[in-house]
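Encoded as structure tokens, the structure appears first; notes follow it.
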Amino acid sequence: MSTVTPHTSGPAPERRRPPREEVRRALLDAAAQVFARQGVDGASVGDVAAAAGFTKGAVYSNFGSKDDLVAALVEDRVSAYLELGLAAVSDTDASLGDKARALGDRLTRAADEQRDWQLLFLELWQRAVRSGTVDGAFAQRRRELHAAVTDAVAAHLDEAGMTPPLPPAELATLLIALSNGLALERQVDPAHVPDDLFGRVLALVVGSPEVI
């Protein structure tokens, strides 16, 4: 007598549909990686969708077009950069010099952890410069980033009761330029960009006397 249990058929379990925000996040992360490595113009919507594990329809339903995806990606990365910087200087009991070092060290670690970010920045920068479009999404978000960094610099200087060595807007320009430039140099020749170099330079800029 057979002891095999008869197979009973039934409806297949319903596959969970990921929330829209989860799909959008996955597509933005995939786009950042694909565009950094293949270039925005060299990569297709299908490439981004495949990297995220979805169909092209998911890209169009969430962003409308490739250009809209690029614009959303720019906003996402600028916001992430700003949040990272603000978190690094959130210790209200730290001195201005300590905050400057903490900021430089955190941004250096971020560049090491997510190397595609810098490649993506270069790709978007080249597209903006070559197109000559000063009012494009990239340029607009960079202006917003600069304004936010300027406000943060001014607030921290005022809190410390320090007279800035340069106007806050110029300090913001210097901070952003150092962040990008040192990250690029570190990718090419990490031995010449010590882990704490950015932080020490920022501390020197704000006039911290404890810099070694």
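Just so you know, all these numbers are worked out from the coordinates, no wet-lab data involved. Predicted model, so just to flag it, every value in this text is computed and none were measured. Reconstructed Cβ throughout: ideal geometry from the backbone, glycine too, with neighbour counts over all protein chains shown.
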**Prompt:** Residue by residue through the stretch 59-68, which ³J(HN,Hα) values in whole Hz follow from phi under the Karplus form 6.51 cos²θ - 1.76 cosθ + 1.60 (θ = phi - 60°), with glycine and proline marked x?
**Reply:** 5, 5, 6, 9, 10, x, 7, 5, 4, 5
**Message:** Rounding to the nearest 10 and keeping the result within 0 to 90°, find how far the Cα-based axis of helix 20-38 lies from the longest principal axis of the chain.
**Reply:** 70 degrees
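If you wrap the stretch 143-212's Cα atoms in a convex hull and average its projection over all directions, what's the area in nm²? The partial results should precede the final answer.
Details: hull surface 20.6 nm².
For the Cα atoms of the stretch 143-212, the hull's average projected area reads 5.1 nm².
Report the gain in length on full extension from GLU83 to ASP68: 0.36 nm times residue separation, minus Cα-Cα distance, nm rounded to one decimal. Numbers along the way, then the final one.
Numbers: separation 15, 0.36 × 15 = 5.40 nm, distance 2.25 nm.
Once the chain is fully extended between GLU83 and ASP68, it gains 3.2 nm.
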**Asked** What longest region of the chain stays clear of GluC sites (Glu not before Pro) that DSSP places outside H, G, I, E and B and that have at most 11 other Cβ atoms within 10 Å?
**Response** 15-209
**Prompt:** Quick one: if you stick a label point 7 Å off each Cα along the C-beta vector at ASP195 and ASP91, how many nm between them?
**Reply:** 1.5 nm
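Report relative contact order for the chain in percent, whole number only (criteria: Cα-Cα under 8 Å, sequence separation at least 6). Walk me through the numbers on the way to the answer.
Values: 187 pairs, mean separation 49.3, N = 212.
23 percent.
I'd like the FRET efficiency for HIS146 and LEU204, computed as 1/(1 + (r/R0)^6) with the beta carbon distance as r and R0 of 30 Å, rounded to 0.05.
Values: r = 21 Å, r/R0 = 0.72.
Step by step, r from the Cβ atoms, then E = 0.90.
Can you tally the net charge around GLU113? Count Lys and Arg as +1, Asp and Glu as -1, for every other residue whose Cβ sits under 13 Å from the Cβ of GLU113.
Working: positive: ARG106, ARG109, ARG115, ARG186; negative: ASP105, ASP112, ASP116, ASP195.
My count for the surroundings of GLU113 gives 0.
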**Message:** Test of understanding: what is the full-extension gain from ASP29 to SER44, defined as 0.36 nm times their sequence separation minus their Cα-Cα distance?
**Reply:** 3.9 nm
**Asked** To the nearest 0.05, how large is the calculated FRET efficiency for THR173 and THR55 if R₀ is 45 Å and r is the Cβ-Cβ distance?
**Response** 0.60
**Prompt:** When the Karplus curve 6.51 cos²θ - 1.76 cosθ + 1.60 is applied with θ = phi - 60°, which whole-Hz ³J(HN,Hα) does each residue of the stretch 115-124 get, with x for Gly and Pro?
**Reply:** 5, 5, 4, 6, 5, 5, 4, 4, 4, 5
**Asked** How much net charge surrounds GLN187 when only the other residues with a Cβ under 15 Å from the Cβ of GLN187 are counted, with Lys and Arg +1 and Asp and Glu -1?
**Response** -3
